Amino acid sequence: MTAQDTLQRTHLYNEHVALNARMVSFGGWEMPLQYEGILAEYTHTRKAVTVFDTSHMGEFVIEGGCLESGLDRIVSMRIADMPLQSCRYGMMLNEEGGVMDDLIVFREDAEKWFIVVNGATTPKDARHFRGHLKQSHVFKDISSEIGKIDVQGPRSREILAALVPEIKKLSYYTFDRFNLLGETVRISRTGYTGELGYEIYSSADTVIPIWRELLKNAGVKPAGLGARDILRLEAGYSLYGHELDESITPLEAGLQRFVDLTKDFIGKGAFLKQQKEGAQKTLVGIISHDRRSPRQNQKLYGETGEEIGHVTSGTFSPFCQRGIGVGFVQKNHSQHGQKVLFGEGRHQGVMTGKTFYKNDSLKN
Amino acid sequence: MEVVDYYLYTKEHEWVSIENNVATVGVTDYAQEALGDITFVELPAVDAEVEQFEEFATLESVKAASDIFSPISGKVIEVNTLLESEPGILNKSPYERGWIAKIEISDSDEASNLMTAEEYRKFLESAG
């Protein structure tokens, strides 16, 4: 048996093959890297609208009050005050304060929660939830029953509203249930591209008809992981396994605004300790002087040649027309505007914030 | 996958077209397809001496950076500076507008170390 045989496939696998996608291994899943080409798919997302298969991601349902169920202690952000049909981004931490995963909590009802986690971490996350939720409350890992499609880009509202007119009411980080092709599906106004966009959570059976229906519109193109990685890097979003993992804390990753210190949560002690002592490393953006890109795992050097950190993700940015990246550097070397060297110290860039691209339509 | 009949090829997927002791060098259609969208080309310096099968240029695509090896020894006499501003030409036209450098050949016998188009086609098939 080859490694290929052990990869999981989403319900849309045959659709990708039919569209001549180049398939790659990603976090234990066989996923489309690209269809037409990474840059073309990137551009279509920024200028029009694309669809992504994100069915590899995990979904959990929890029934119970946020405090009584134990859910509140598992996630880092405040959820007790979430309005119904709203979404909130945050993390789950281990006792040492490391990030076990980043996730989005949906409040379906006063005592019903829908949680979206990363694909590669789903089994680990499910074990963590089961281990820390109180027995009397219901936890279900429904990942295998759910198909998920992201519709992203400035034309996403118009395209999706042609099938579900009611989605126009959704503001940023809210969701609801809608009728789509005769089935009730969850649609949230969320995404991973920095553009106006939606995510559709349907049954595994309906995900293929929805995918086909969306692509019937000649203005809609499929986009793969390659375009998604550039889009999320430009927008300043972290990728679990790159900018986040169990050895990285929210303070180091610059995600402390998604940590609520007014409540109790797993990892709070470690978080407070690090906050008091100060984090030793911090995540910064890097913008290259030219079209050459920083690449994952390259070392970063300061102006005088001393090693100061490493690159966690890098790519060519079509928006900046330069190479961009993010990486961890020692705290005393993290000043924005400071020169940084990468690629065996031969290439120059400047340290910046993590966000390279902002579009106001995302939240309007 | 396009292979031009009268060019010569390397196992690293570079092509060379020889005319009057000048070799025009680039990467093949297979190479550009495998690399994906090319976003940066580091050209050799004009007048640089290059050795056969030694690194002489770098390509970066949206996926990775790759070294390019010179198919033949000699002196670089011209480089395709268009690639610096429009590296995507390498994807669109790998055998014509996407040429990388022209090299004045120092040892024409080295051409016998390269594959013919027919041999390169078989090489691509066997590589699967």
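The values are calculated or read from the model by the stated rules, or taken from the named source; none is laboratory data. In this text the structure is predicted, and so the values were computed from the model without any measurement. Every residue, glycine as well, gets a Cβ built from its backbone with ideal geometry; the counts of neighbours run over all protein chains shown. All accessible areas refer to the heavy atoms of the entire protein, side chains included, with ligands and DNA or RNA removed. Shrake-Rupley method; radii C 1.70, N 1.55, O 1.52, S 1.80 Å.
Mind telling me which of the residues A:Leu160, A:Leu67 ends up being more than 17 Å from the chain's Cα centre (by Cα) and open to solvent by 10 Å² or more (accessible area, probe 1.4 Å)?
Just a single option satisfies the conditions, and that option is A:Leu67.
State yes or no: is A:Asp260 touching a residue at least 60 places away in the same chain (Cβ under 8 Å) and within 14 Å of chain B (Cβ to nearest Cβ)?
Taking the combined requirement at face value, the residue does not satisfy it.
Based on this model, can you work out whether A:Glu277 counts as touching a Lys or Arg at 6+ places or on another chain (Cβ under 6 Å), open to solvent by 70 Å² or more (accessible area, probe 1.4 Å) and modelled with pLDDT of 95 or more?
no
Would you say B:Leu35 is within 13 Å of another protein chain (Cβ to nearest Cβ) and open to solvent by less than 10 Å² (accessible area, probe 1.4 Å)?
Answer is no for this residue.
Quick check, is A:Glu95 at pLDDT below 95 and among the charged types (D, E, K, R)?
No: the conditions fail for A:Glu95.
Step by step: first the residues of region B:46-103, then only those that are among the β-branched types (Val, Ile, Thr) and assigned to a strand (DSSP E or B), then the one that is nearest to the other protein chains (Cβ to nearest Cβ). Which residue is that?
Only one residue tops the list, namely B:Thr58.
What's the total number of residues in region A:197-221 that are of a type in the set (Phe, Trp, Tyr) and closer than 14 Å to A:Leu163 by Cβ?
2
So which residues in region A:269-310 are without any contact (Cβ under 8 Å) to a residue 12 or more places away in the chain and in a strand (DSSP E or B), if there are any at all?
A:Glu307
Which ones in region A:310-360 are among the polar types (S, T, N, Q), open to solvent by less than 20 Å² (accessible area, probe 1.4 Å) and within 14 Å of another protein chain (Cβ to nearest Cβ)?
A:Ser313, A:Thr315, A:Ser317
Would you say A:Ile149 is free of Cβ contacts under 8 Å to residues at least 60 places away in the same chain and assigned to a strand (DSSP E or B)?
no
Considering region A:163-192 alone, what residues qualify as being open to solvent by less than 10 Å² (accessible area, probe 1.4 Å) and hydroxyl-bearing (Ser, Thr, Tyr)?
A:Ser188, A:Thr190
Considering only region A:193-219, how many residues are hydrophobic (A, V, I, L, M, F, W, C), outside any helix (DSSP H, G or I) and surrounded by fewer than 20 Cβ atoms within 10 Å (Cβ to Cβ)?
2
Mind checking which residues of region A:120-146 are of a type outside the set (Lys, Arg) and part of a loop (DSSP other than H, G, I, E, B)?
Correct list: A:Ala120, A:Thr121, A:Leu133, A:Gln135, A:Ser136, A:His137, A:Ile142.
Just checking: which of the helices (runs of 4 or more DSSP H) contained wholly in region A:1-104 hold 1 or more residues that are of a type outside the set (Phe, Trp, Tyr) and within 14 Å of another protein chain (Cβ to nearest Cβ)?
Output list reads A:38-47.
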